[in-house]
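In what follows, a single structure is set out as structure tokens and then discussed.
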Amino acid sequence: MAQSKEEFAFLKRVYQDLNPLKRLPPDDPFYHPVYATLTDFDPVEEIKTRIRFSDVESRHFFSGFRGSGKTTELLRLKRDLEEEGYLVFYADALQFLNPNLPIEISDLLIVLAGAFSDAVEAYDASLRLTEESYWTRLRHYLTTTEIEWREFSLSVKDAGSVKASLRETPSFRQKVQGVLSTRLAELEQQTKKFFEESVAALRRHRPEVQIVFLFDQLEQLRGSRLTDQDVLSSVERLFTQHRERLNLPSIHAVYTVPPWLKFILPGTPITILPSVRQWEHDAGRTRYPEGDECLWQVLEKRFGGRGELLRFFGTEEGAWKLIQVCGGHFRDLFELARTAVARAKQLPVTDGVLESAIAEVRSNYLPIPSADAVWLQGVAESRSHGLRTAQAEDVNRFTHFLDTHLVLFLRNGEEWYDVHPIIREDVREEARRAAVAAVPRSDG
């Protein structure tokens, strides 16, 4: 039966609303306060409390895996703190840093000051922090350090072009890194002085106000296929050797960081967004109905309400079929539903279409190499990470499992791990085959 124009328009609208890459501000009608409604753990409340308990400055590390809603929750933190009278500025690190290039502490100090300066100007252009913008100040400083400007176009002498060159021109960035590597203490002093002057200027407008700076997307520094090891090593060096330099005077700084820092910085508080828990930490994986219901609410809002959701699925069972294999990941849930919408030929959708959508999303995880399957099966059985060492090779491999959702990070008072339900059987079977293959064959 052919779709009517009205059915086509409905499916097109839902397909677009299920876009898994769309970031939501906390006042968006699609937003559902997942962590605020589940009683186990609210990462925003945790960081907010730490900020409120601090005096005038603090430093916080916040993290989440791809598709976990990290930026949305960070924006909720911004809204909540602003409602309490804090002055909150937000910046996206990827507007200033190339994620495919190694980073040095000199890069980050420069970018922090420049991003803060830009964020204040975007908030209120009339708030002049200092006599000149940070980028103009940086240009003056760099020219006095005898960088050979002849290597670059004349336009680099413009302050705005300095910012662009730091992100887009590797040779320029390497030159700056080389010159400043022996002047780190001087650069740090000048950067801190800029923040102190900025805070003083802001408090002339709002006396005694508490200031918060949210620096998002820093965890996206991953490198390309050719540079990933260099980039990851530089990020590790940044946080193991220089994290105390990230304390900003009279500012509560919140940095989003790679979740794998948890494994190489033991004892350092890092607030990590977990997956929405859908089962208990027990042998039988007893269903956790509060988590399932939360995901139902998320999906219902994207469809436009309960009536529209049931119009597509026909019954509640159809929707639950997708919810129960999504692993508590919003992005996976939306991808499952979106695939079903794209394949729907009639309304309500058939069970065959739902099964084919699940099979399609499962295929995105396959094939699983035997060595990975063995590790993953160990995670499924022990509910622990299974890391043998904190060396880069092991940490990077496990981080890949988490980033691709093969492994889920969960909480119910304690932290634990499990294999994504959509590939749990595939993992078990591949690990069984690997075990059989590893047994020496007998000639007798």
Problem set entry | Stokes-Einstein D (µm²/s) once Rh is taken as the Kirkwood radius of the chain over alpha-carbon pairs, at 4 °C in 1.567 mPa s | 53 µm²/s
Exercise. With each label point set 7 Å from Cα along the Cα-Cβ vector, what nm distance links Lys192 and Ala283?
Worked result: 5.7 nm
Problem set entry | the chain: calculated mean residue ellipticity at 222 nm from DSSP helix runs of at least 4, using -39500 (n - 2.57) | -16000 deg cm²/dmol
Problem set entry | Average accessible area per residue (Å²) across the chain - probe 1.4 Å, nucleic acids and ligands excluded | 46 Å²
Seminar exercise, completed: Tilt, helix 43-53 to longest principal axis of the chain (alpha-carbon atoms), in degrees rounded to tens, equals 30 degrees
Exercise. Given Cα pairs under 8 Å that are at least 6 residues apart, what percent is the relative contact order of the chain?
Worked result: 22 percent
For this session: Quickly rank 424-431, 19-26, 58-65 as a protection proxy: mean count of other C-beta atoms within 10 Å, highest first.
Result: 58-65, 424-431, 19-26
Exercise. How many times 2.2 N^0.38 Å is the alpha carbon radius of gyration of region 22-126?
Worked result: 1.18
Seminar exercise, completed: Rounded to whole angstrom, the alpha-carbon centroid of region 24-78 lies from that of region 279-339 at a distance of 22 Å
Exercise. In region 7-117, what percent of the accessible surface is made up of carbon and sulfur (1.4 Å probe, ligands and nucleic acids excluded)?
Worked result: 50 percent
Exercise. Percent of accessible area on region 250-306 owned by carbon and sulfur, 1.4 Å probe?
Worked result: 53 percent
Exercise. Which of the pairs Lys78/Lys175; Lys78/Lys301; Lys321/Lys345; Lys193/Lys262; Lys12/Lys301 have their Cα atoms more than 26 Å apart in this structure?
Worked result: Lys78/Lys175; Lys193/Lys262
For this session: Taking the Cα atoms of region 336-431, report the difference between the largest and smallest coordinate on each principal axis, in whole Å and largest first.
Result: 52, 32, 22
Problem set entry | Label zone at Lys5, where the point sits 7 Å out along the Cα-to-Cβ direction: region 307-332 residues whose backbone N lies under 15 Å | none
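The values are calculated or read from the model by the stated rules, or taken from the named source; none is laboratory data. All of these numbers come straight from a predicted model, not from anything done at the bench. In this analysis, Cβ positions are derived from the backbone assuming ideal geometry, glycine residues included, and neighbour counts consider all displayed protein chains. Areas reflect the complete protein model, heavy atoms only, side chains present, ligands, DNA and RNA absent. Shrake-Rupley method; radii C 1.70, N 1.55, O 1.52, S 1.80 Å.
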